[in-house]
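Encoded as structure tokens, the structure appears first; notes follow it.
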Amino acid sequence: MPLLEILTYPDPGLKRASKVMDTFDDQLREFITLLERTMRAGPGGVGIAAPQVGRFERIAIVDVSAKKKVTSHGRLVLINPQITHWEGTVVGREGCMSVPDYTGNVIRAETITVQAFDENGGQHEYQCTGYEARAIQHEVDHLDGLLFLDRLVSHKNDLFRRKKYK
Amino acid sequence: MASWYMVTLIGKDQPGIVSRITAELFKGGCNLGEASMIRLGVNFTIMLMAEFNGSAQALTTLMTPVTNELGLHLHLDSIDGKLHQHETMDVSITVYGADRAGIVADVTKELAQAGLNILELESSVGGTEEKPIYIMQIDGHATQGVALIEKAVEVIKKSGIDVGLNITDVMIG
Ligand SMILES: [Zn+2]
């Protein structure tokens, strides 16, 4: 199966808001298989959203389990995801398959609660924190037509906030 | 054929320098690459990559009226463009302490030995004239792994310098 082509900025599709999904069928599951394969083919890709491949539906996949020292729920298929709770803020560095060769600092909520459907229409609620929460917020942004470039903060912002003393 | 130049400008800071300079370069047909502008003390400093269809002499001639008017010192170097070859930053180190000679050299020597390739370094002197404090932030790539940098930071800490290490795991999604 070939991989899906990733739209890169300035493709106007990346600024488009995606539609809510209402059917959970084989065609959807087939698309998710392809989307996941495309995500895993990207170097270091831990998340992907359907609009990144030109399908403007509220579908995203996140899997940060390959990262060491990161708490995660493993592979998450997030259909119509809704973040219902945010807590704390943290600055971290992000990149995007749709914005090659650039990374920048973005403020995200440290902990979130997200509700979403899986590819079979099952409803779930996840409590996510840190790196995983960051990935989900990044993907949900894609569904709303937002890029991490819309949320960049000055690197000076994190001078003391990010410091870790033991 | 167009060539890339590193344009360095230094002078007394005043409002509007960046817009005047970049407008002049644009009118002269330059394509701008990456740039870094920072105020050091009361001094304006900028280094910017400019792609220009002509010689260094011609670029100097183009810029001289505006740099003279703004009282800026201009320096040009012929360089490789080579955009889109960024190294990924994976550690950032913050150092602060009472201002003292040798702090930058001491810290960077230890980090260099641990394989740190510095991508960005910025330092400021805060505090007061009587009691200055020194704050430095380094972003870099740990070419021999993060563990060696962690060790180096411990060594720096033992020498009495306040230092913090943040390991940056870039999230790509
Ligand atoms: Zn992205």
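The values are calculated or read from the model by the stated rules, or taken from the named source; none is laboratory data. Keep in mind the model is a prediction, meaning the values are calculated, not measured. Note: ideal-geometry Cβ built from the backbone for every residue, glycine included; neighbour counts use all protein chains shown. Protein only, heavy atoms only, side chains kept; ligands, DNA and RNA dropped before computing areas. Shrake-Rupley method; radii C 1.70, N 1.55, O 1.52, S 1.80 Å.
Which pairs do you get when a residue that is within 16 Å of the ligand (Cβ to nearest atom), found in region B:154-173, comes within reach of a residue that is in a loop (DSSP other than H, G, I, E, B) and not acidic (Asp, Glu), reach meaning Cβ atoms under 6 angstrom, with the pair 6+ apart or on two chains?
What qualifies is B:Ile172/A:Gly44; B:Gly173/A:Val46.
Going by the structure shown, is B:Lys109 more than 13 Å from every other protein chain (Cβ to nearest Cβ), surrounded by fewer than 19 Cβ atoms within 10 Å (Cβ to Cβ), basic (Lys, Arg) and free of Cβ contacts under 8 Å to residues at least 60 places away in the same chain? Quick ask: steps written out before the conclusion?
Working: more than 13 Å from every other protein chain (Cβ to nearest Cβ): yes; surrounded by fewer than 19 Cβ atoms within 10 Å (Cβ to Cβ): yes; basic (Lys, Arg): yes; free of Cβ contacts under 8 Å to residues at least 60 places away in the same chain: yes.
In short, yes.
Given the condition closer than 15 Å to B:Thr64 by Cβ and open to solvent by less than 40 Å² (accessible area, probe 1.4 Å), answer yes or no: does some residue in region B:10-20 qualify?
Yes, that holds for at least one residue.
Identify all residues within region A:75-101 that are open to solvent by less than 50 Å² (accessible area, probe 1.4 Å) and charged (D, E, K, R); write none if there are none.
Across region A:75-101, the qualifying residues are A:Arg93, A:Glu94.
Return the residues of region A:3-30 that are away from the ligand (no atom under 15 Å from the Cβ) and open to solvent by less than 20 Å² (accessible area, probe 1.4 Å); say none if nothing qualifies.
A:Met21, A:Leu28
Any idea which of A:Ile107, A:Ile48 is in contact (Cβ under 8 Å) with a residue 12 or more places away in the chain, in contact with a Leu (Cβ under 9 Å, 6 or more places away or on another chain), within 14 Å of chain B (Cβ to nearest Cβ) and not basic (Lys, Arg)? Write out each step before concluding.
On the way: A:Ile107 fails: in contact with a Leu (Cβ under 9 Å, 6 or more places away or on another chain).
Checking each option against the conditions leaves just A:Ile48.
So for region B:86-94 (the condition being open to solvent by 70 Å² or more (accessible area, probe 1.4 Å) and not in a loop (DSSP other than H, G, I, E, B)), does at least one residue qualify?
Let us first name the residues in region B:86-94 that are open to solvent by 70 Å² or more (accessible area, probe 1.4 Å), namely B:86-88.
Within this subset, residues satisfying the condition of being not in a loop (DSSP other than H, G, I, E, B) are none.
Looking for residues that are open to solvent by 70 Å² or more (accessible area, probe 1.4 Å) and not in a loop (DSSP other than H, G, I, E, B), one finds none in region B:86-94, hence no.
Looking only at region B:142-173, count how many residues are assigned to a strand (DSSP E or B) and either within 9 Å of another protein chain (Cβ to nearest Cβ) or surrounded by fewer than 17 Cβ atoms within 10 Å (Cβ to Cβ) (or both). It would help to see each step written out before you state the result.
In the first step, residues of region B:142-173 are kept if they are assigned to a strand (DSSP E or B); the result is B:142, B:162-167, B:171-172.
Okay, now just the ones that are also either within 9 Å of another protein chain (Cβ to nearest Cβ) or surrounded by fewer than 17 Cβ atoms within 10 Å (Cβ to Cβ) (or both), so B:162, B:164-167, B:171-172.
The qualifying residues number 7.
Please verify whether region A:153-164 includes one or more residues that are basic (Lys, Arg), within 12 Å of the ligand (Cβ to nearest atom) and either out of contact with any strand residue (DSSP E or B) (no Cβ under 7 Å at 6 or more places or on another chain) or modelled with pLDDT of 95 or more (or both). Spell out the reasoning first.
Within region A:153-164, the first condition is being basic (Lys, Arg), and the residues that meet it are A:156, A:161-164.
Applying the additional criterion that residues be within 12 Å of the ligand (Cβ to nearest atom) yields none.
There is no residue in region A:153-164 that is basic (Lys, Arg), within 12 Å of the ligand (Cβ to nearest atom) and either out of contact with any strand residue (DSSP E or B) (no Cβ under 7 Å at 6 or more places or on another chain) or modelled with pLDDT of 95 or more (or both).
With the requirement that a residue be within 13 Å of another protein chain (Cβ to nearest Cβ) and on the phi > 0 side of the Ramachandran plot, what does region A:110-155 give you?
Hit for region A:110-155 is A:Gly130, nothing else.
Return the total of residues in region A:35-52 being at pLDDT 95 or above and either within 19 Å of A:Gly122 (Cβ to Cβ) or open to solvent by less than 30 Å² (accessible area, probe 1.4 Å) (or both).
The number of residues fulfilling the criteria is 11.
Could you check how many residues of region A:119-135 are of a type in the set (Gly, Ala, Ser), open to solvent by less than 10 Å² (accessible area, probe 1.4 Å) and over 18 Å from A:Pro43 (Cα atoms)?
Of all residues in region A:119-135, those of a type in the set (Gly, Ala, Ser) come to A:121-122, A:130, A:133, A:135.
From the residues that got through so far, the ones that are open to solvent by less than 10 Å² (accessible area, probe 1.4 Å) too are A:133, A:135.
After this cut, where a residue has to be over 18 Å from A:Pro43 (Cα atoms) as well, the list is A:133.
Of the residues in region A:119-135, 1 are of a type in the set (Gly, Ala, Ser), open to solvent by less than 10 Å² (accessible area, probe 1.4 Å) and over 18 Å from A:Pro43 (Cα atoms).
May I ask you to list the residues in region A:98-107 that are within 13 Å of the ligand (Cβ to nearest atom) and touching a strand residue (DSSP E or B) at 6+ places or on another chain (Cβ under 6 Å)? Show your work before the answer.
As a first pass, look at region A:98-107 and keep what is within 13 Å of the ligand (Cβ to nearest atom): A:98-100, A:102-104, A:106.
Across region A:98-107, the qualifying residues are A:Thr103, A:Gly104, A:Val106.
Can you name the condition, by its number, that B:Ile38 falls short on among (1) buried (at least 16 other Cβ atoms within 10 Å of the Cβ); (2) more than 15 Å from B:Met6 (Cα to Cα)?
Here B:Ile38 clears every test but (1).
Among the residues of region A:91-104, write down those that are more than 9 Å from every other protein chain (Cβ to nearest Cβ) and of a type in the set (A, V, I, L, M).
Our first condition is that a residue be more than 9 Å from every other protein chain (Cβ to nearest Cβ); within region A:91-104, this holds for A:91, A:98-99, A:104.
The answer is A:Val91, A:Val99.
For the condition more than 16 Å from the ligand (Cβ to nearest atom) and crowded, with 21+ Cβ neighbours inside 10 Å, what is the one hit in A:Ala116, A:Ala66? Can you show your working first?
Numbers: A:Ala66 fails: crowded, with 21+ Cβ neighbours inside 10 Å.
Residue meeting the stated conditions: A:Ala116.
Among the numbered criteria (1) more than 14 Å from chain B (Cβ to nearest Cβ); (2) more than 16 Å from the ligand (Cβ to nearest atom); (3) open to solvent by 30 Å² or more (accessible area, probe 1.4 Å), which single criterion is violated by A:Ser72?
(1)
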